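Q: Got a structure for you, questions after.
The values are calculated or read from the model by the stated rules, or taken from the named source; none is laboratory data. A quick note: this is a predicted structure, and the numbers were derived from the prediction, not measured. Neighbour counts are summed over all protein chains in view; Cβ atoms, including those assigned to glycine, are modelled from backbone coordinates with ideal geometry.
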Amino acid sequence: MTAIEMHFDDVVVTAQLNDSTTARAFAEQLPCEIKLCGCDIDFCGSIPFALPYQEKQVGRGWRNGDVNYNPGGGWFAVLYADEENSMRYGDQVNLGHIEGDLSVLKELQGSYNVRIEAKQDVSNEEYEQL
């Protein structure tokens, strides 16, 4: 599994990608930049590349905090609300889940050119120097 950082300007959101073929293919495209537009439940935008997936991965709905790919529309979504009503949305392939508090996403508004990159691990030696 791969940890990622999504940079909404100065706000950094960390997520853990799962071990699916789709998530691994996404990780291979990093770093990348995706323009995401916010609404009351998510930040969503057109992904600049296609990802492989298996039909059995495609489902309905999400859990708040999910990072999903919509293969039919080519969308990347960071979902932070409306889990209780999400089953009405199909064509969802889960890539992973946000670590930590979702309220930071609820406070953001508008559109962002989000830079997504693999999170750099800090070695024990580097950590001790901090």
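Q: Is at least one residue of region 49-63 closer than 15 Å to residue 13 by Cβ and in contact (Cβ under 8 Å) with a residue 12 or more places away in the chain?
A: There is no residue in region 49-63 that is closer than 15 Å to residue 13 by Cβ and in contact (Cβ under 8 Å) with a residue 12 or more places away in the chain.
Q: Would you tally the residues in region 88-107 being over 17 Å from residue 71 (Cα atoms), in contact with a Gly (Cβ under 8 Å, 6 or more places away or on another chain) and either among the basic types (Lys, Arg) or without any contact (Cβ under 8 Å) to a residue 60 or more places away in the chain (or both)?
A: Going through region 88-107 one residue at a time, the tally reaches 1.
Q: Find the residue count for region 7-27, including only residues that are in a strand (DSSP E or B), touching a residue at least 40 places away in the same chain (Cβ under 8 Å) and of a type in the set (A, V, I, L, M).
A: Total satisfying the criteria: 4.
Q: Criterion first (hydroxyl-bearing (Ser, Thr, Tyr), assigned to a strand (DSSP E or B) and at pLDDT 95 or above) does residue 69 satisfy it?
A: Taking the combined requirement at face value, the residue satisfies it.
Q: Return the only residue of 56, 35 being of a type in the set (Lys, Arg) and closer than 21 Å to residue 113 by Cβ.
A: 35
Q: Next up: Collect the residues in region 72-87 that are outside any loop (DSSP other than H, G, I, E, B) and crowded, with 17+ Cβ neighbours inside 10 Å, keeping them in residue-number order.
A: Within region 72-87, 75, 76, 77, 78, 79, 86 qualify.
Q: Right, another one. Out of 100, 90, report the one residue that is at pLDDT below 95, part of a loop (DSSP other than H, G, I, E, B), surrounded by fewer than 14 Cβ atoms within 10 Å (Cβ to Cβ) and of a type in the set (Gly, Ala, Ser).
A: Selected residue: 100, the only one of 100, 90 that is at pLDDT below 95, part of a loop (DSSP other than H, G, I, E, B), surrounded by fewer than 14 Cβ atoms within 10 Å (Cβ to Cβ) and of a type in the set (Gly, Ala, Ser).
Q: With respect to the numbered conditions (1) surrounded by 20 or more Cβ atoms within 10 Å (Cβ to Cβ); (2) in contact (Cβ under 8 Å) with a residue 40 or more places away in the chain; (3) assigned to a loop (DSSP other than H, G, I, E, B), which one is the sole condition not fulfilled by residue 40?
A: (1)
Q: Take region 35-66 and flag every residue that is among the acidic types (Asp, Glu) and either more than 12 Å from the chain's Cα centre (by Cα) or modelled with pLDDT under 95 (or both).
A: Listed by number, the residues that qualify are 40, 55.
Q: Can you tell me which residue in region 19-36 is nearest to residue 69 (Cα to Cα), limited to those that are polar (S, T, N, Q) and buried (at least 17 other Cβ atoms within 10 Å of the Cβ)?
A: The selected residue is 22.
Q: Which number in (1) part of a helix (DSSP H, G or I); (2) within 20 Å of residue 2 (Cα to Cα) marks the one condition that residue 105 misses?
A: The one condition residue 105 does not meet is (2).
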